[in-house]
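Data first, discussion second: the structure below is written as structure tokens.
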Amino acid sequence: MSDTCGWGVLATGRIARSFATDLREVPGARLAAVGSRSQESADAFAREYGDAATTAHASYAALVQDPAVDIVYVASPHALHLEHARMAFEAGKHVLCEKPLTLNTAEAEEMVALAARHDRFLMEAMWMACNPVIRALQDPDRFGTPRQVHADLGFVVDRPATDRLLDPALGAGALLDMGIYPLTFAHLLLGEPTRLAAVANLSESGIDLDVAVAGLHPGGAISALSASMTSVSPRTATVATDRGTLVVPTQFHHPTYAEWTPVGGETERIEGAEPLLGSGLGNEAAEVQRCLREGLRESPLVPHAQTLSLMRQMDDIRGQVGVRYDADGA
């Protein structure tokens, strides 16, 4: 890798705009190109988030072939991630793919296999795992052994039925968009669950609007997790350890600080050892660049095994509550 990493952004939706905004805060990163299904959209995105040398492409195929692009950030709807990552790998590009990596475990395993076949870097864009505050919480020497995790994420989705959050054909539902965060938080703090039990409120179209999950983790630790598309939840997380309580009081999936209250002690503020880059999306981009400069093909912060485990957990939950996608097959 050269001193500057050329990023290509595939799709121009909300998350792509947020990512491109934070990319400005990442040392050694530049928006080399953007790809959209229309020239007008690509041009507007390049003008707002790029520089004079940023190329606007009217197709994703043209984007992945751009020689100035080292890394493709796949920001299309869930159901299209595998197709678009495959295009990037075949063009010799590394990939940062939005979460969830795919619709189900089978597709995720295929994407991981494609990355290995083409000897390219692949990371799920789980920015929470790269957040400096979340990383600071994973210190049992300081905070003790975690025994319980509670986490919730919810907001009201008031959008047309064709929106990707509501369209079953695009992998809609609370679990894949919101539930992946509390599931990942529990996984990071307690380890891979040995058992999950889920309930959900389904829409008439069969997507999960609200979901609650109870988890049993190694050593008998437990988690209580929820996600909602119908309510404005506190978006908080707590971790009870054998020495005290950690609280992420707001926006636990991309926090700026947490609080630690040891037994018999005073509450102290916990911050990350590294600066937050933008809203935190910049930290995942910085992690990709670090890995590429070190010759890695996966990140130790978001390893493929963890991503695949989370996909299996979500497949399990969907099976319990009765949500299916066309990609699941017969």
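The values are calculated or read from the model by the stated rules, or taken from the named source; none is laboratory data. Just so we're clear, the structure is a prediction, and the values are computed from it rather than from any experiment. Cβ sites come from the backbone with ideal geometry, for glycine too, and all protein chains shown count toward neighbours. Remember, those area values only see protein heavy atoms, side chains included, never the ligands or the DNA or RNA. Shrake-Rupley method; radii C 1.70, N 1.55, O 1.52, S 1.80 Å.
Residues in the range 166-177 carry Karplus couplings, in order, of 10, 8, x, 5, 9, x, 6, x, 5, 4, 6, 8 Hz; the curve used is 6.51 cos²θ - 1.76 cosθ + 1.60 with θ = phi - 60°, and Gly or Pro positions show x. Could you tell me how many degrees, from 0 to 90 and to the nearest 10, lie between the Cα long axis of helix 281-293 and the main elongation axis, the longest principal axis, of the Cα atoms of the chain? Rounded to the nearest ten degrees, it is 70. Each residue was assigned an accessible area with a 1.4 Å probe, and for Thr194 the value is about 100 Å². Its Cα gyration tensor gives the range 168-208 an equivalent ellipsoid. The semi-axes, each the square root of 5 times an eigenvalue, are 24, 12, 7 Å from largest down.
Quick one: pull the percentage of alpha-carbon pairs in the range 83-164 with a separation above 17 Å.
Counting every Cα pair in the range 83-164, those more than 17 Å apart make up 65 percent.
Of all beta bridges that DSSP places with both ends in the chain, some 55 percent have antiparallel geometry. Between the Cα long axis of helix 39-49 and the first principal axis of the chain there is an angle of about 60°, rounded to the nearest 10.
Determine the share of the range 182-305's accessible area contributed by carbon and sulfur atoms, expressed in whole percent, with a 1.4 angstrom probe. Roughly 54 percent of what the probe reaches on the range 182-305 is carbon or sulfur.
The string of couplings for the range 123-133 from the Karplus curve (6.51, -1.76, 1.60, θ = phi - 60°) is 9, 6, 7, 8, 4, 4, 5, 9, 5, x, 5 Hz, one whole number per residue in order, with x for Gly and Pro.
Rg/Rh for the chain stands at 0.96; both radii use Cα atoms, and Rh follows the Kirkwood definition. Seen against the Cα atoms of the chain and their longest principal axis, helix 105-117 is set at about 50 degrees. The listed residues Arg14, Arg290, Arg37, Arg195, once ranked by accessible area (1.4 Å probe) with the largest placed first, stand as Arg37, Arg195, Arg14, Arg290. Ligands, DNA and RNA aside, Tyr49 has an accessible area near 30 Å² when probed at 1.4 Å.
The distance from the alpha carbon centre of the range 47-78 to that of the range 259-330 is 25 Å, rounded to a whole number. With θ taken as phi - 60° and the Karplus curve 6.51 cos²θ - 1.76 cosθ + 1.60 applied, the whole-hertz 3J(HN,Hα) list for the range 80-91 is 9, 4, 4, 4, 6, 5, 4, 4, 5, 4, 5, 8 Hz, x standing for glycine and proline. Under 5 Å between amide hydrogens, built in the peptide plane, is the criterion, and for Leu296 it picks out nothing among residues at least 5 positions away or on other chains. For Asp3 and Ala116, a Förster radius of 30 Å and the Cβ-Cβ distance give a FRET efficiency of 0.65, rounded to the nearest 0.05.
The alpha carbons of the range 165-292 give a radius of gyration and a Dmax of 16.8, 52 Å, in that order. Peptides 127-139, 59-71 ranked from most to least packed by the mean count of surrounding Cβ atoms within 10 Å: 127-139, 59-71. First measure r as the distance between the Cβ atoms of Glu266 and Val156, then evaluate 1/(1 + (r/R0)^6) with R0 = 25 Å and state the FRET efficiency to the nearest 0.05. About 0.10, to the nearest 0.05.
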